[in-house]
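The values are calculated or read from the model by the stated rules, or taken from the named source; none is laboratory data. The structure displayed is predicted, hence computed values, not measured ones. The area values use the complete protein model at the heavy-atom level, side chains included, leaving out ligands, DNA and RNA. Shrake-Rupley method; radii C 1.70, N 1.55, O 1.52, S 1.80 Å.
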Amino acid sequence: MRRPQFLAYFNTRLALACSLIAVSSFNYGFDNQGFATTQAMDAFDKRFGDYNPGTKAYALDPAWLSLFNSLNYIGFAADLHYLLFSNTKVWCIVPAQVRGLAVGTYQFSIILGGLIINSICRGTSKIQDDRAWRIPLGLFYIVPAIVLSLIWFVPESPRWLLQKGRVEESQASLRQLRQGCFTPEQIHNEFRELQTVLEQEVENGHWVDLVKGVNLKRTALVFMVNFFQQGTGQAFSSQYGAVYVKQLGTINAFDMTIVLSLLNLVSIIGSLAYADRVGRSSAVMAAGLLTMGGLGTPSPMTTDLKKGVVGMYVVMALGFSLGWGPQTYVVATELPALRLRDMTLQLGFFVNVISKYVVFSPVILSSDAEYAGLNSKVGLIFGAIAVIAFVCTFLFVPECRGKTLEQIDLMFHSGVKLRDFGSYDASTLIAEPELKEGEVHSDTGKVEENGVKQ
């Protein structure tokens with residue numbers, strides 16, 4: 001059986017490092033979905049909800065549910081190191097040819113963690129006492145303990161070491177991460193490229209530099225993709241999905257979470273497969289959200305319409321897994337200036353978390369009959385935002401597949417148009433450092449990928 005082509009870029013040390021980083025992302029999906037799915041359990045409703053004499057059942061108050069699912073993100077926003085480590089460490093150590101694949105595994109790991117905890121919740125949901133939700137929540141401590149014990153073995157980034165003036169250590173680290181997959185000449189050329197671009201960097205690494213010159217555009221793009229990831233309503237699926245499906249009463253909510261996680265895994269695999277070949281963008285979400293909203297407009301809703309809503313809810317979630325889910329992290333790590341990358345990502349992920357908080361709280365309240373009573377008609381709102389997101393992505397997000405982070409940096413400073421990034425031969429910028437700021441090389445053409453040692 002032929003070995004997958006992408007494996008040719010990973011030696012043992014790089015593969016193990018990326019795997020451990022993926023486990024830390026797995027933990028986020030495990031916790032996030034466990035936190036969301038337990039809320040659909042009858043035992044959870046009985047413990048934290050109010051008894052309704054009319055329905056003769058316990059139910060969670062919408063205002064309480066909104067705060068319960070939103071306020072936790074304020075604390076999460078205060079400590080962004082969890083997200084930043086997984087993403088920045090990956091883009092720092094992987095070759096450009098598989099950067100989209102490697103960074104995209106962040107979302108794959110999240111979905112995988114969600115699948116496992118959703119399966120556990122499916123089993124414990126039949127327990128009619130507090131053990132139903134306490135068992136899943138009690139498992140939250142296992143993965144962090146594994147990561148904490150092994151994180152010290154992840155190699156330092158060659159870029160970071162070079163920025164700190166530790167040249168020999170940087171060269172040794174790069175050699176360890178590339179040996180066996182690239183020739184000595186290719187490893188040397190990559191190291192020289194790192195040195196050349198760092199020498200040409202004009203940013204000093206101050207916060208104010210984020211809004212100076214071309215960096216203002218780069219910062220705005222990072223903000224934009226992080227906002228749209230949440231503004232298109234993914235929290236409706238990931239956080240509120242199990243509770244909402246339970247309210248519709250058409251299918252077992254816990255079965256639905258497992259099915260959706262499996263479908264999302266397949267979608268993520270497809271997205272990772274084409275990320276470094278055909279580009280970074282996708283927008284199936286808009287159709288799913290708009291259709292879901294349209295199906296929810298009649299009153300009262302029939303059983304068939306409710307089934308249609310659930311179906312479109314699945315389409316929306318799959319669209320997210322094909323596009324905004326994994327690709328946001330890929331794009332957000334490619335665009336910032338090298339010396340400003342950590343600061344840009346900190347602000348970008350802060351926008352992401354705050355957007356989730358701002359969007360998610362009104363979703364729960366507006367969906368409930370006690371308040372706006374929009375129900376699935378919220379799909380019309382998020383569908384419209386998804387259409388805007390598609391247009392903005394098409395017009396403003398540059399195609400960076402196959403290019404090193406140093407080449408992307410020089411293309412921004414050389415004034416290359418965003419729409420021309422995909423076809424521009426960035427290797428000329430490294431070869432000709434004498435180009436002045438704002439001057440664009442006249443030669444354009446498709447970039448040939450660096451060879452790999454067979």
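Which ³J(HN,Hα) values, rounded to whole Hz and listed in residue order, are derived for the stretch 384-398 from phi using the Karplus coefficients 6.51, -1.76 and 1.60 in 6.51 cos²θ - 1.76 cosθ + 1.60 with θ = phi - 60°, glycine and proline given as x?
For the stretch 384-398, the Karplus curve yields 5, 5, 5, 5, 4, 4, 4, 5, 5, 5, 4, 7, 10, 7, x Hz.
Report, by chain and number, residues whose modeled amide H sits under 5 Å from the one on residue 182, excluding near sequence neighbours (fewer than 5 apart, same chain).
Here the answer is 453, since their amide H atoms fall under 5 Å of that of residue 182.
Under a 1.4 angstrom probe, counting protein chains only, how are 399, 406, 193, 156 ranked by accessible area, largest first?
Ranking 399, 406, 193, 156 by accessible area, largest first, yields 156, 399, 193, 406.
From the protein chains alone at 1.4 Å, what is the descending order of accessible area for 160, 152, largest first?
Largest to smallest exposure gives the sequence 152, 160.
So which of 217/403; 307/356; 56/377 end up more than 22 Å apart, counting from Cα to Cα? Let's see the in-between values first.
On the way: 217/403 19 Å; 307/356 27 Å; 56/377 27 Å.
The pairs that break the limit, which is 22 Å between Cα atoms, are 307/356; 56/377.
Taking amide H positions as placed in the peptide plane 1.01 Å from N, state which residues far from residue 425 in sequence (5 or more) or on other chains have amide H under 5 Å from it.
Close amide H contacts, sequence-distant or interchain: 445.
Give me the accessible area per residue for the stretch 192-266, probe 1.4 Å, as a whole number in Å². All intermediate terms of the calculation are to be shown ahead of the outcome.
Working: 2960 Å² over 75 residues.
That works out to 39 Å² for each residue.
So what are the ³J(HN,Hα) numbers for the stretch 54-69, from phi and the Karplus equation (6.51, -1.76, 1.60; θ = phi - 60°), rounded to whole Hz, Gly and Pro as x?
x, 8, 6, 8, 8, 8, 7, 5, x, 5, 5, 5, 5, 5, 4, 8
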